[in-house]
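Please read the structure below before turning to the comments.
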Amino acid sequence: MKNILKYTFLLSFVFVLNSCGNADDDVDFDINNRELGLGEEPDDCLGFGENELLLSIQDEFTTLPGKVSILFKVSDLLGNPISGLTANQFTIYEQGRNDACFNLISPSESQARISPNTQVFNNNTVLVLDLSNSVLESSLDELKAASISFINNVMPSPATESFKMAIYWFDGEDELHLLNALSSSATELTAAVDGITADISNDPSTDLYGAVIKSTKIAEDLLKSNTNVIGAASVVLFTDGTDQASRYRESDALNAVKDANRNISFFTIGLGAEIDTEVLEGIGKTASVFAANKEELENTFNQISQRVAEQANSFYLFEYCSPKRDGSGENNLVIRLTNGSLQGAVQTKFDASGFEGGCE
């Protein structure tokens, strides 16, 4: 990016969600680490100037007789996801072998559209709840209500197999306990939370760092299991205290988050005066929120649920009919996005071999 380096310092920017928070970090601003995914900077001949939005290409493919499909994620320069975009906000430019620069493709001829991405993309959320003794004794009912609200806000309706959630809990044991396996059913997930009882735990301590390390591994494995689709995951962790079990080091937990797959987002929710906000901000590198008391808990969960939903909805499958035909070989393609006063563009290639008129 022409302006990426001068925006690098913004990664430390902290925005307020409730009493605290921090910006998304799932977009890597190191220009040597492919922040545009499979794409690259648009050719200077277009004269677009500096990007204010990032279009990170996750996958691209063509379908005969002439359809070009691009799956990409949209974020601003702080890494905040951009959801709710429509096809008329995108402009397409193609450059063939005989073109000195790019030609604008007519919107009416291209039949450009944002298509459901369920065939090529799925998103999994891992909700991790602290059920140590302090929570069970003083704020269990509030946590259950907040978690159920979170589930209902995040899970799409109607349910889709491309969006699932699993729920785990931890106490002082060296184990991340499964409350409900990965599911697309909000009803099933809320029933699992509603069934939590005050005697669920046998260890009153808090293995916070172990929970971070284990939930990160679960999210990594979920992404690896996506053999035929592009995947993203979110880890959402709630706690009302600090690590007391001392089974793992703080640095190991923070490094697990730091070194995780770039398509994993991390969110933390802290409750009360016993939490270490600095540690939770390090774990929740995408966003962190803190509730001063249990009465604020549902509100903070709702704030995070909005961010999780936006994250999933910032992936777009953009498709259009190309006017290129068989024999034109490899062609350059630029997609430009305008969102209010902000703009961004990305360049890639496609092969028009076998292309004929029309699109299915």
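The values are calculated or read from the model by the stated rules, or taken from the named source; none is laboratory data. Treat the numbers as computed from the prediction; the structure is a model and nothing was measured. Positions of Cβ are generated from backbone atoms using ideal geometry, with glycine treated the same way; all protein chains shown enter the neighbour counts. We work out accessible area using only protein heavy atoms, side chains counted, and drop any ligands, DNA or RNA first. Shrake-Rupley method; radii C 1.70, N 1.55, O 1.52, S 1.80 Å.
I need the full set of residues from the range 102-120 which are within 30 Å of the chain's Cα centre (by Cα), at negative phi and open to solvent by 50 Å² or more (accessible area, probe 1.4 Å), in order please.
107, 113, 114, 116, 118, 119
Can you tell me which residue within the range 85-101, out of those that are open to solvent by less than 20 Å² (accessible area, probe 1.4 Å) and part of a loop (DSSP other than H, G, I, E, B), is modelled with the highest pLDDT?
Step by step, filter the range 85-101, then rank; the result is 85.
Let's see how each residue does on (1) in contact with a helix residue (DSSP H, G or I) (Cβ under 7 Å, 6 or more places away or on another chain); (2) aromatic (Phe, Trp, Tyr); (3) open to solvent by less than 10 Å² (accessible area, probe 1.4 Å):
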residue	(1), (2), (3)
122	no, no, no
130	no, no, yes
143	yes, no, yes
146	yes, no, yes
152	yes, no, no
167	yes, no, yes
184	no, no, no
188	no, no, no
Could you give every pair whose Cβ atoms fall below 6 Å, whose first residue belongs to the range 120-138 and is under 15 Å from residue 173 (Cα atoms), and whose second residue is of a type outside the set (Phe, Trp, Tyr) and assigned to a strand (DSSP E or B), counting only separations of at least 6 or pairs across chains?
128/237; 130/239
Name the residues in the range 237-253 that are crowded, with 19+ Cβ neighbours inside 10 Å and either under 29 Å from residue 295 (Cβ atoms) or under 26 Å from the mean Cα position of the chain (by Cα) (or both), would you?
237, 238, 239, 240, 241, 243, 245, 253
Picking from 318, 301, 290, which residue would you name as being outside any helix (DSSP H, G or I) and at pLDDT 95 or above?
290
I need the full set of residues from the range 333-360 which are assigned to a strand (DSSP E or B), farther than 30 Å from residue 266 by Cβ and touching a Pro at 6+ places or on another chain (Cβ under 9 Å), in order please.
334, 336, 347
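So is residue 261 touching a residue at least 40 places away in the same chain (Cβ under 8 Å), under 12 Å from the mean Cα position of the chain (by Cα) and more than 21 Å from residue 83 (Cα to Cα) or not?
yes
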Can you spot a residue in the range 206-217 that is out of contact with any Phe, Trp or Tyr (no Cβ under 9 Å at 6 or more places or on another chain), touching a residue at least 60 places away in the same chain (Cβ under 8 Å) and either open to solvent by 30 Å² or more (accessible area, probe 1.4 Å) or outside any helix (DSSP H, G or I) (or both)?
no
Any residue in the range 19-40 that is modelled with pLDDT of 90 or more, in a helix (DSSP H, G or I) and open to solvent by less than 50 Å² (accessible area, probe 1.4 Å)?
no
For the range 54-74, name all the residues that are of a type in the set (A, V, I, L, M, F, W, C) and within 16 Å of the chain's Cα centre (by Cα).
54, 55, 57, 71, 72, 74
On the given criteria, is residue 183 in contact (Cβ under 8 Å) with a residue 24 or more places away in the chain and either touching a Gly at 6+ places or on another chain (Cβ under 9 Å) or of a type in the set (S, T, N, Q) (or both)?
no
Residue under question is residue 173, and the condition is that it be over 21 Å from the mean Cα position of the chain (by Cα) and at pLDDT below 95; does it hold?
no
For the range 290-305, state whether one or more residues are open to solvent by less than 20 Å² (accessible area, probe 1.4 Å), out of contact with any His (no Cβ under 8 Å at 6 or more places or on another chain), of a type in the set (S, T, N, Q) and touching a residue at least 24 places away in the same chain (Cβ under 8 Å).
yes
Under the condition of being in a helix (DSSP H, G or I) and touching a helix residue (DSSP H, G or I) at 6+ places or on another chain (Cβ under 8 Å), which residue from the range 190-205 is least open to solvent (accessible area, probe 1.4 Å)?
193
